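Worksheet: the structure to be examined is printed underneath.
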Amino acid sequence: MGLWTEWRAQRERSRRASAYLGQLLRSPEHTDIAWLASLGVSEAVALRELTFAKRAIGLVVAERDALDDRTASDVAHQLAPVISREARATVGLGREWGERWRAYTAALAVRGNVESPATRLARVLLGGAGIHDPSTEQLVRATQFVNETRGAANVVLRDVFGVASLPEDIRPSALRG
């Protein structure tokens, strides 16, 4: 691949990552903020935790479901300056994001747990909001948020980056030739 072709491909990947990131940077729905605030959390904390959750779930989707292995790093590379800007405006926000991101990735890394990955992510969301021993109803609602967020991120990922297209008559494992 020539230098010019490689530059154009990188630029196109960057454009697509930016379009995908637009989904992650949208403010959470007012109904979700109101739900989390109804659990005794301030609206500011609810907004922050739901925003962190959307971004973390979006990065997880880019990492696990993208067609190109570079997609997650492209998205993370474009998210970093956004978080940096926000951290300059709000003391401690960058540290909180780092802690939450590590908690989300740790929750996904757990093996042998009977809870689904979405439920483990829901526990991180609620824990970040200060709800460390959620009721079943709270956990179900948080898991619903995680699943809806992941579904929306997957739709945007497919819209922006495309869908895998495999021949009908050939097994995917046979393509590795």
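Scan the stretch 1-30 for residues that are assigned to a helix (DSSP H, G or I) and under 19 Å from Val155 (Cβ atoms) and jot them down. Those that are assigned to a helix (DSSP H, G or I) and under 19 Å from Val155 (Cβ atoms): Arg15, Arg16, Ala17, Ser18, Ala19, Tyr20, Leu21, Gly22, Gln23, Leu24.
Kindly indicate whether any position in the stretch 94-106 is among the β-branched types (Val, Ile, Thr) and more than 20 Å from Ala46 (Cα to Cα). Yes; the residues of the stretch 94-106 include at least one that is among the β-branched types (Val, Ile, Thr) and more than 20 Å from Ala46 (Cα to Cα). Of the residues making up the stretch 52-63, one or more are open to solvent by 40 Å² or more (accessible area, probe 1.4 Å) and either assigned to a helix (DSSP H, G or I) or modelled with pLDDT of 90 or more (or both). Surrounded by 13 or more Cβ atoms within 10 Å (Cβ to Cβ), of a type in the set (Gly, Ala, Ser) and at pLDDT below 90: is that true of Ala66 in this structure? Criteria met by Ala66.
Consider Asp65 carefully, then state whether it is over 17 Å from Arg102 (Cβ atoms), in contact (Cβ under 8 Å) with a residue 24 or more places away in the chain and of a type outside the set (A, V, I, L, M, F, W, C). It is true that Asp65 is over 17 Å from Arg102 (Cβ atoms), in contact (Cβ under 8 Å) with a residue 24 or more places away in the chain and of a type outside the set (A, V, I, L, M, F, W, C).
Only one of the listed residues (Asp133, Asp169) is open to solvent by 50 Å² or more (accessible area, probe 1.4 Å) and either touching an Asp or Glu at 6+ places or on another chain (Cβ under 7 Å) or at pLDDT 95 or above (or both). That residue is Asp133.
Could you check, for the stretch 42-50, whether at least one of its residues is outside any helix (DSSP H, G or I), open to solvent by 10 Å² or more (accessible area, probe 1.4 Å) and modelled with pLDDT of 95 or more? Checked against the condition, which is being outside any helix (DSSP H, G or I), open to solvent by 10 Å² or more (accessible area, probe 1.4 Å) and modelled with pLDDT of 95 or more, the stretch 42-50 yields at least one hit. Quick check on Glu49: is it of a type in the set (Asp, Glu), under 13 Å from the mean Cα position of the chain (by Cα) and under 21 Å from Gly151 (Cβ atoms)? Here the answer is yes, as Glu49 does meet what is asked. Among residues of the stretch 6-33 being among the aliphatic types (A, V, I, L, M), open to solvent by 30 Å² or more (accessible area, probe 1.4 Å) and closer than 20 Å to Arg150 by Cα, the one that is farthest from the chain's Cα centre (by Cα) is Ala19. The set of residues in the stretch 69-90 that are acidic (Asp, Glu) and loosely packed, with under 15 Cβ neighbours inside 10 Å comprises Asp69, Glu86. Of the listed requirements (1) closer than 19 Å to Ala19 by Cβ; (2) touching a residue at least 40 places away in the same chain (Cβ under 8 Å); (3) in contact with a Phe, Trp or Tyr (Cβ under 7 Å, 6 or more places away or on another chain), Trp97 misses just one: (1). Selection of the stretch 97-123 for residues being charged (D, E, K, R) and either surrounded by 16 or more Cβ atoms within 10 Å (Cβ to Cβ) or touching a strand residue (DSSP E or B) at 6+ places or on another chain (Cβ under 9 Å) (or both) yields Arg100, Arg120, Arg123. Taking the stated definitions as given, is Leu93 touching a helix residue (DSSP H, G or I) at 6+ places or on another chain (Cβ under 6 Å), surrounded by fewer than 19 Cβ atoms within 10 Å (Cβ to Cβ) and farther than 18 Å from Arg48 by Cβ? So Leu93 fails the test.
Among the residues of the stretch 28-42, are any touching a Lys or Arg at 6+ places or on another chain (Cβ under 7 Å) and not hydroxyl-bearing (Ser, Thr, Tyr)? Within the stretch 28-42, one or more residues are touching a Lys or Arg at 6+ places or on another chain (Cβ under 7 Å) and not hydroxyl-bearing (Ser, Thr, Tyr).
The values are calculated or read from the model by the stated rules, or taken from the named source; none is laboratory data. Note that this is a predicted model, so its numbers are computed, not measured. Reconstructed Cβ throughout: ideal geometry from the backbone, glycine too, with neighbour counts over all protein chains shown. In case anyone asks, the SASA skips ligands and DNA or RNA and just uses the protein heavy atoms, side chains included. Shrake-Rupley method; radii C 1.70, N 1.55, O 1.52, S 1.80 Å.
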